[in-house]
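Since the structure comes first, as structure tokens, the remarks are kept for the end.
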Amino acid sequence: MADAIVNRRDLDFQLFEVLDTEALTSRPRFAEHSRETFLAVLDTAQAMAEEEFAPHNRKADEHEPSFDGQRVSMIPEVKDALEAFCEAGFIAAAHDFERGGMQLPVVMTQAAFSLFKGANVGTAAYPFLTIGNANVIHRFGSEAQKAKYLDALLTGRFFGTMALTEPQAGSSLSDITTSATPNPDGTYSLRGNKIFISAGDHELSENIVHLVLAKIPGGPPGVKGISLFIVPKFRVNDDGSLGDRNDVTLTGLIHKMGYRGTTSTMLAFGENDRCMGELVGEPHKGLTYMFHMMNEARIGVGMGAVMLGYRGYLASLEYAKERPQGRAPTDKNPATPQLPIIEHADVRRMLLAQKAYVEGGYALCLYCARLVDEQRTGADDAAKRQAGLLLDLLTPIAKSWPSQWCLEANSLAIQIHGGYGYTREYPVEQFYRDNRLNPIHEGTHGIQALDLLGRKAVMDGGAAMKAFATEIARTAAEASADPVLAGYAAELGAAAADVAATLRALAPVLAENPTLALANAVLFLEAFGHTTIAWIWLRQALAAQRGLRQGAAAQGTDGDFYRGKLAACRWFYRWELPKTRQWHELLRSLDDTTLSMPPESY
Ligand SMILES: Cc1cc2nc3c(=O)[nH]c(=O)nc-3n(C[C@H](O)[C@H](O)[C@H](O)COP(=O)(O)OP(=O)(O)OC[C@H]3O[C@@H](n4cnc5c(N)ncnc54)[C@H](O)[C@@H]3O)c2cc1C
């Protein structure tokens, strides 16, 4: 149990009791599915994650990939695990049956993928980047590009990357300098350097398809001049066979704190002036294409953060039950046996905090994945639009909140292990190191905050905020009718009103003095995030109450499970949600302490 990936009862609860995923099977796209097929997918994923991915998680961390100037090598278990993953058809899981996919709802694919992330986030990164890459080509590529690349990506013959970052352009993509010059045959010649490209080189697949952001000379400046290109490691002939090596050079591997199983690469494009790329879609729309896929990618990042937090939580829970240390404050007799540390209130605090963070984050990421399905297959245009608005608004939270708080969960898991948690003999230190990436990549925490306050919260005259307020009011109304939950409903209502009041105060300043209005954007992200998670916890508490009311099912361990949900909800409302009041106060005061201190005074 110490190395359990997830509490499967929790995952099934989220999917079937909170999100009613089974209802999706009444929609034409998912009509071939049933609760049984959904469960079978999860069972297969769980078995594969436990048997093929988890066993080499530590080994991959200790033996990171190496580069001898010619080839990248890594432990063989990575390739074996990925072959099993591809053979099971998981890369194409959400795609149409006609493309060889399983036509699963996104919420089910995210649920299944969460198990691989929990098992071994470094190995799982290869197929998940490939899935993101394939989704872009599927959505925006030409028929010829799909024929050449898409099927090979969906079967795992080729793997993919997302190549955005350059040494001088990380958060600020408008400053990329990689160029793409048109050739008479319709292809482009690329030239430039990318850094931090995950899975940028390896020998795990026949080919690597890079999706590269570059600028066509003469185009508009800044982000409006960015285009997107398919740049394969080996050129692909029209019949799908591999041609010559393209001019993409691995100039070095980056050695990281965590996520060590995934190669992190520095790539040079066109060092010998023969790097061929194919334009995706229209020129200068590259960033729009990439961002279309970002919602899912960012939910995926949040999910990875959740799963690392979840594993730490489960490991520290097992440890707390087994580790004897100390006695109750009332027991001064050294002859009595020591208590397992789970008996100490402070250890329970750390366990409950972890539970609230990881199960709250899990519920949010799955909810957002369900919104993707709603946006695509909702009953009518109004339902689809509502889902789209909510998804846009909640994506920065789904990415950032778990990256911050499930990392905090990992820190608490180490704390529960005491000195042992700080050693490499126990798994919790690796979970922390792996998770530390998540507030950095796919848009840093600070950049997500600017996106939320500067754009998402105020876009379309606040339409997304209105959609969010409607959902909160719906949940609060339902909870008000339950005497156990009515108090939380009132607190949630007050927290949501606080978010709205802060936005009303900041909106005019955003127009007049954006530097001041955005100076404390991270606090807004955190206050909004905590309010969202409080709402998500109340949804779980409502489902737990329904479960408890069902009598027989609520006996025994199921009753314990539901009561655990109510306790974690209570913890979040008592310990976490009240913090937002002070954050709002600071935000509304337009505090300029950070802005006003000049760099030379540090
Ligand atoms: C392990 C790993 C894997 C990665 N994988 C990929 C990949 O596959 N593909 C890819 O393209 N990239 C990848 N990246 C790159 C990653 O997306 C960038 O590191 C990230 O976007 C931040 O860019 P930067 O490192 O240049 O930091 P900077 O942009 O220099 O940021 C440094 C600090 O300044 C802050 N900052 C920057 N600008 C602002 C601003 N305007 N306002 C407020 N604060 C600001 C940031 O929040 C941050 O705290 C990866 C990175 C790592 C570490």
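The values are calculated or read from the model by the stated rules, or taken from the named source; none is laboratory data. The shown structure was predicted, so the numbers you read here are calculated from the model rather than taken from an experiment. In this analysis, Cβ positions are derived from the backbone assuming ideal geometry, glycine residues included, and neighbour counts consider all displayed protein chains.
Being modelled with pLDDT of 95 or more and at negative phi narrows it down to one of 418, 360, so name that one.
360
For region 395-428, name all the residues that are of a type in the set (A, V, I, L, M) and either more than 12 Å from the chain's Cα centre (by Cα) or within 18 Å of residue 318 (Cα to Cα) (or both).
Matches in region 395-428: 407, 409, 412, 413, 414, 416, 428.
Can you name the number of the only condition in (1) within 16 Å of the ligand (Cβ to nearest atom); (2) at pLDDT 95 or above that residue 381 fails?
Here residue 381 meets the rest and fails (1).
Can you find, within region 193-214, the residue that is farthest from residue 161 (Cα to Cα) among those that are polar (S, T, N, Q) and either within 12 Å of the ligand (Cβ to nearest atom) or in contact with a Pro (Cβ under 9 Å, 6 or more places away or on another chain) (or both)?
193
Can you find a residue that is assigned to a helix (DSSP H, G or I) and farther than 27 Å from residue 211 by Cα anywhere in region 287-303?
Among the residues of region 287-303, not one is assigned to a helix (DSSP H, G or I) and farther than 27 Å from residue 211 by Cα, which makes the answer no.
Go through region 169-179 and give me each residue that's within 16 Å of the ligand (Cβ to nearest atom) and crowded, with 16+ Cβ neighbours inside 10 Å.
169, 170, 173, 176, 178
Is it true that some residue in region 514-532 is within 19 Å of residue 15 (Cα to Cα) and of a type in the set (A, V, I, L, M)?
No; the residues of region 514-532 include none that is within 19 Å of residue 15 (Cα to Cα) and of a type in the set (A, V, I, L, M).
Test residue 256 against the stated conditions and say whether it is within 12 Å of the ligand (Cβ to nearest atom), within 22 Å of residue 67 (Cα to Cα), touching a strand residue (DSSP E or B) at 6+ places or on another chain (Cβ under 7 Å) and in a loop (DSSP other than H, G, I, E, B).
Judged against the criteria, residue 256 is a match.
Just one of the numbered conditions (1) modelled with pLDDT of 95 or more; (2) within 16 Å of the ligand (Cβ to nearest atom); (3) within 30 Å of residue 172 (Cβ to Cβ) is not true of residue 389; which one?
That leaves (2) as the condition not met.
Could you list, in sequence order, all residues of region 544-563 that are touching a Leu at 6+ places or on another chain (Cβ under 9 Å) and of a type outside the set (D, E, K, R)?
Answer for region 544-563, where residues must be touching a Leu at 6+ places or on another chain (Cβ under 9 Å) and of a type outside the set (D, E, K, R): 544, 545, 548, 554, 559, 562.
Residues checked against (1) free of Cβ contacts under 8 Å to residues at least 60 places away in the same chain; (2) loosely packed, with under 15 Cβ neighbours inside 10 Å; (3) over 27 Å from the mean Cα position of the chain (by Cα):
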{"residue": "474", "(1), (2), (3)": "yes, yes, no"}
{"residue": "477", "(1), (2), (3)": "yes, yes, yes"}
{"residue": "490", "(1), (2), (3)": "yes, yes, yes"}
{"residue": "495", "(1), (2), (3)": "no, no, no"}
{"residue": "501", "(1), (2), (3)": "no, yes, yes"}
{"residue": "510", "(1), (2), (3)": "yes, no, yes"}
{"residue": "515", "(1), (2), (3)": "no, yes, yes"}
{"residue": "519", "(1), (2), (3)": "no, no, no"}
{"residue": "526", "(1), (2), (3)": "no, no, no"}
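How many residues does region 30-55 hold that are surrounded by fewer than 16 Cβ atoms within 10 Å (Cβ to Cβ) and either of a type in the set (Lys, Arg) or closer than 19 Å to residue 378 by Cα (or both)?
4
Among 53, 38, 16, which is free of Cβ contacts under 8 Å to residues at least 60 places away in the same chain, within 21 Å of residue 365 (Cβ to Cβ) and of a type in the set (Phe, Trp, Tyr)?
Every option except 16 fails the conditions.
State all residues of region 170-193 that are at positive phi and touching a Gly at 6+ places or on another chain (Cβ under 9 Å); if no residue qualifies, say none.
Residue satisfying the conditions is 192 alone.
Can you find a residue in region 131-154 that is within 16 Å of the ligand (Cβ to nearest atom) and under 21 Å from residue 258 (Cα atoms)?
no
Among the residues of region 215-251, write down those that are surrounded by fewer than 17 Cβ atoms within 10 Å (Cβ to Cβ), under 30 Å from residue 60 (Cβ atoms) and either of a type in the set (A, V, I, L, M, F, W, C) or within 14 Å of the ligand (Cβ to nearest atom) (or both).
242
From 143, 98, 166, grab the single residue that is surrounded by 17 or more Cβ atoms within 10 Å (Cβ to Cβ), acidic (Asp, Glu) and more than 22 Å from the chain's Cα centre (by Cα).
After applying the criteria, what remains is 166.
Starting from residues that are hydroxyl-bearing (Ser, Thr, Tyr) and part of a loop (DSSP other than H, G, I, E, B), keep the ones in region 262-281 and report whichever is farthest from the ligand (Cβ to nearest atom).
Only one residue tops the list, namely 263.
What about residue 311, is it of a type in the set (Lys, Arg) and either within 19 Å of residue 212 (Cα to Cα) or surrounded by fewer than 17 Cβ atoms within 10 Å (Cβ to Cβ) (or both)?
no
Among (1) crowded, with 22+ Cβ neighbours inside 10 Å; (2) free of Cβ contacts under 8 Å to residues at least 40 places away in the same chain, there is one condition residue 375 misses while meeting the rest; what is its number?
That leaves (1) as the condition not met.
Given region 418-488, what helices (runs of 4 or more DSSP H) lie entirely inside it while holding 1 or more residues that are farther than 18 Å from residue 521 by Cα and within 16 Å of the ligand (Cβ to nearest atom)?
428-435
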